[in-house]
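J.: Let me begin by handing over the structure; questions about it come next.
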Amino acid sequence: MSNEQYPDVVMPTCPAEKILKGQKALVTGASSGIGKSVAIELGKAGADVVVNYKGGADEANEVAAEIGKYGSRVYAHQADVSNEEQVKEMFQKMFEEFGTIDILINNAGLQQDAPFDEMTIDQWNTVINVNLTGQFLCAREAVREFKRRGVVPEVSCAAGKIICMSSVHEIIPWAGHVNYAASKGGVMLMMKSIAQEVAPYRIRVNSIAPGAIRTPINTDAWQTPEAYEALMTLVPYKRIGEPEDIARAAVWLASDYADYVNGVSLIVDGGMTLYPGFATGG
């Protein structure tokens with residue numbers, strides 16, 4: 001079937017609702033890409049937001065300024081999520097500024113790609129330390145505060161919400177990206193194990209697993225018409241995802257509309273995990 005037979009892409013328009021009003025959110029890796037979009041959408045939904053970044057203070061402050069336009073309290077905080085002491089300091093600063101935390105978006109992540117037999121231990125450790133250990137460190141601090149404070153019914157049905165940013169590569173193997181795929185597979189089972197353990201405290205823990213999203217981390221995959229066309233062979237919905245697609249999913253998942261959703265990887269991928277190679281019968 002030729003491309004001319006497919007409908008034109010129509011992007012969604014979703015007016016913001018203040019469904020997170022009064023809640024305090026921390027978004028790691030929020031100076032660009034998915035994290036930036038999530039932080040802004042949380043602000044639009046009424047949450048006060050901490051914009052975490054490791055590098056790029058100007059970009060992080062621009063994100064904070066954008067969030068401030070919607071009437072939310074916000075500030076940017078530099079911290080390396082793989083550093084335990086910096087994570088503890090970041091949470092302590094948030095408690096001083098906002099009093100508590102209601103929503104953690106564990107988004108910070110990176111890639112350092114190489115053929116498996118050429119991958120260095122530094123490349124392996126860097127990706128695992130940020131993508132997996134960083135999520136562990138931040139989730140641990142959040143859970144400690146959620147358990148200490150408990151449920152505040154006028155704020156949320158839950159004592160706290162954690163959203164771990166994973167990837168379709170928690171499911172799909174990815175040659176040349178062994179460290180990244182391993183980190184995301186680890187995020188998936190870490191998320192489920194934490195969710196199982198803390199659910200009795202009314203703490204919800206879920207993941208979002210994005211597919212192909214238009215971000216700076218993967219420009220080679222969509223920047224040219226030829227690359228975009230090749231990418232679309234993997235996406236049945238025939239458009240690349242935008243950071244806002246993930247952000248809207250995060251707002252819903254953090255809200256009380258999703259109160260009975262726990263321990264789930266929400267796949268947001270335009271159908272990439274539907275094995276599109278079999279669409280014509282295999």
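J.: Counting only residues that are in a loop (DSSP other than H, G, I, E, B) and not hydroxyl-bearing (Ser, Thr, Tyr), which one in region 61-78 is farthest from residue 24 (Cα to Cα)?
T.: Of the residues in region 61-78, the ones in a loop (DSSP other than H, G, I, E, B) are 69-73.
Now narrow it down to the ones that are not hydroxyl-bearing (Ser, Thr, Tyr): 69, 71, 73.
Details: 69: 17, 71: 13, 73: 9 Å.
That would be 69.
J.: Tally up the residues in region 99-121 that are part of a helix (DSSP H, G or I) and under 12 Å from the mean Cα position of the chain (by Cα), please.
T.: Residues meeting the conditions: 0.
J.: What number of residues in region 193-221 are more than 21 Å from residue 40 (Cβ to Cβ), in contact with a helix residue (DSSP H, G or I) (Cβ under 6 Å, 6 or more places away or on another chain) and modelled with pLDDT under 95?
T.: 1
J.: Quick one: in region 199-221, of everything that is surrounded by 14 or more Cβ atoms within 10 Å (Cβ to Cβ) and more than 20 Å from the chain's Cα centre (by Cα), which residue is farthest from residue 146 (Cα to Cα)?
T.: 199
J.: Here is a further query. Going by the structure shown, is residue 81 closer than 18 Å to residue 144 by Cβ and either assigned to a loop (DSSP other than H, G, I, E, B) or of a type in the set (D, E, K, R) (or both)? Steps first, please.
T.: Values: closer than 18 Å to residue 144 by Cβ: yes; either assigned to a loop (DSSP other than H, G, I, E, B) or of a type in the set (D, E, K, R) (or both): yes.
So residue 81 fits the description; yes.
J.: Same structure, new question: Could you please give the count of residues in region 258-282 that are out of contact with any helix residue (DSSP H, G or I) (no Cβ under 9 Å at 6 or more places or on another chain) and within 26 Å of residue 41 (Cα to Cα)?
T.: The first filter runs over region 258-282 and keeps only residues out of contact with any helix residue (DSSP H, G or I) (no Cβ under 9 Å at 6 or more places or on another chain), leaving 259-260, 271, 274-282.
In the following step, the residues that additionally are within 26 Å of residue 41 (Cα to Cα) were identified as 259-260, 271.
Residues meeting the conditions: 3.
J.: Okay, next question. Give the residue that is nearest to residue 22 (Cα to Cα), with candidates limited to residues of region 132-174 that are among the small types (Gly, Ala, Ser) and in contact (Cβ under 8 Å) with a residue 60 or more places away in the chain.
T.: Of region 132-174, the ones among the small types (Gly, Ala, Ser) are 134, 139, 142, 150, 156, 158-160, 166-167.
The next check asks that each one be in contact (Cβ under 8 Å) with a residue 60 or more places away in the chain; those that pass are 134, 139, 142, 156, 158, 166.
Numbers: 134: 26, 139: 21, 142: 17, 156: 9, 158: 14, 166: 27 Å.
If we take residues in region 132-174 being among the small types (Gly, Ala, Ser) and in contact (Cβ under 8 Å) with a residue 60 or more places away in the chain, then 156 is nearest to residue 22 (Cα to Cα).
J.: In region 176-203, which residue that is touching a residue at least 24 places away in the same chain (Cβ under 8 Å), out of contact with any strand residue (DSSP E or B) (no Cβ under 9 Å at 6 or more places or on another chain) and aliphatic (A, V, I, L, M) is nearest to residue 38 (Cα to Cα)?
T.: Applying the filter and picking the extreme gives 182.
J.: If you don't mind, there's one more thing I want to ask. Search region 224-282 for residues being more than 30 Å from residue 196 (Cβ to Cβ), among the aromatic types (Phe, Trp, Tyr) and without any contact (Cβ under 8 Å) to a residue 24 or more places away in the chain, and hand back the single one that is surrounded by the fewest Cβ atoms within 10 Å (Cβ to Cβ).
T.: Among them, the one singled out is 278.
J.: Using beta carbons and a limit of 8 Å, which pairs, at least six apart or on different chains, have the first residue in region 6-32 and acidic (Asp, Glu) and the second one assigned to a loop (DSSP other than H, G, I, E, B)?
T.: 17/45
J.: Continuing with the same structure: Confirm whether residue 19 is within 19 Å of residue 214 (Cβ to Cβ) and either surrounded by fewer than 15 Cβ atoms within 10 Å (Cβ to Cβ) or not basic (Lys, Arg) (or both).
T.: Details: within 19 Å of residue 214 (Cβ to Cβ): no; either surrounded by fewer than 15 Cβ atoms within 10 Å (Cβ to Cβ) or not basic (Lys, Arg) (or both): yes.
For residue 19, the condition - within 19 Å of residue 214 (Cβ to Cβ) and either surrounded by fewer than 15 Cβ atoms within 10 Å (Cβ to Cβ) or not basic (Lys, Arg) (or both) - is not met.
Okay, residues lined up against (1) in a helix (DSSP H, G or I); (2) over 19 Å from the mean Cα position of the chain (by Cα); (3) within 24 Å of residue 272 (Cα to Cα):
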position	(1), (2), (3)
125	yes, yes, no
139	yes, no, no
152	no, yes, no
161	no, no, no
173	no, yes, yes
191	yes, no, yes
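J.: Could you list all residues from region 57-106 that are within 14 Å of residue 35 (Cα to Cα) and of a type in the set (D, E, K, R)?
T.: 59, 62, 66
The values are calculated or read from the model by the stated rules, or taken from the named source; none is laboratory data. Quick caveat: nothing in here was measured; it's all calculated off a predicted structure. Methodologically, a virtual Cβ is constructed for each residue, glycine included, from the backbone with ideal geometry; neighbour enumeration extends over all protein chains shown.
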